[in-house]
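The values are calculated or read from the model by the stated rules, or taken from the named source; none is laboratory data. Here the structure is a predicted model, which means the values were calculated and not measured. All Cβ positions, even for glycine, are placed from backbone atoms using ideal geometry, and neighbour counts span all protein chains on display.
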């Protein structure tokens, strides 16, 4: 059956959908011209705010890392000339300033971890623990750093003679099989559990080193310890 073609006259009677839609859009635009203008300005403003945020965020990161590098350098110089405690007193305010101003940025988060390490070296264990705990939230998506912080918390609690908490954090670090801190955490677990009178748990932790890390620096020491039990 032959297709039924419409005459040009019939086609002209049928309104073009695109033209109709465009016409309606123009009518609406005229009616709500101010509203649309304000909406477009709002979109532009949001874009400028985003670009400005990125620009200033980058500047903030640069400033934070610059301040951090300066504080670290000053700490190392002072520590070499005197002691960790005196160096801590010298740079403590500088680290606090970085964390206060840039604590939400990468530079500020890193400064918090370094300040925790410095506090630990200076014997400020409670301060170190508070900083490490805050840093756990900062690096919860970075498992490598997160597990190192868990291990550091274990050490800090050991210095506080809080074996229960020390064991808990070493256990956390030891759970991750791909953790850089795992060998160290297992070794410390073996020692802490022994101090706590948990001989079976101590042996289990040390045996894990023998089983999983035959080339570990702890291997000979652990093997000798297990043989003597």
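Checking residue 149 against (1) assigned to a helix (DSSP H, G or I); (2) over 25 Å from residue 106 (Cβ atoms); (3) touching a helix residue (DSSP H, G or I) at 6+ places or on another chain (Cβ under 7 Å): exactly one of these is not met. Which one?
So the condition that residue 149 fails would be (2).
Give the residues of the stretch 153-176 that are within 20 Å of the chain's Cα centre (by Cα) and surrounded by fewer than 23 Cβ atoms within 10 Å (Cβ to Cβ), sorted by residue number.
Those that are within 20 Å of the chain's Cα centre (by Cα) and surrounded by fewer than 23 Cβ atoms within 10 Å (Cβ to Cβ): 172, 175, 176.
Find the helices (runs of 4 or more DSSP H) located wholly in the stretch 1-116 whose residues include 3 or more that are modelled with pLDDT under 90, and list them. Lay out the reasoning, then the answer.
Values: elements: 8-13, 17-31, 33-81, 84-102.
In the stretch 1-116, 8-13, 17-31, 33-81 are the helices (runs of 4 or more DSSP H) which contain 3 or more residues that are modelled with pLDDT under 90.
What is the residue count in the stretch 194-229 for residues that are exposed (fewer than 11 other Cβ atoms within 10 Å of the Cβ), at pLDDT 90 or above and under 19 Å from residue 178 (Cα atoms)?
1
Could you tell me whether residue 115 is crowded, with 19+ Cβ neighbours inside 10 Å and farther than 14 Å from residue 132 by Cα?
In short, no.
Looking at residue 131, is it surrounded by fewer than 22 Cβ atoms within 10 Å (Cβ to Cβ) and assigned to a helix (DSSP H, G or I)?
No; evaluated as a whole, the condition is false for this residue.
Quickly run through the stretch 206-228 and pick out the residues that are assigned to a helix (DSSP H, G or I) and over 16 Å from residue 174 (Cβ atoms).
Within the stretch 206-228, the subset assigned to a helix (DSSP H, G or I) is 206-212, 219-228.
Residues satisfying the conditions are 219, 220, 221, 223, 224, 225, 226, 227, 228.
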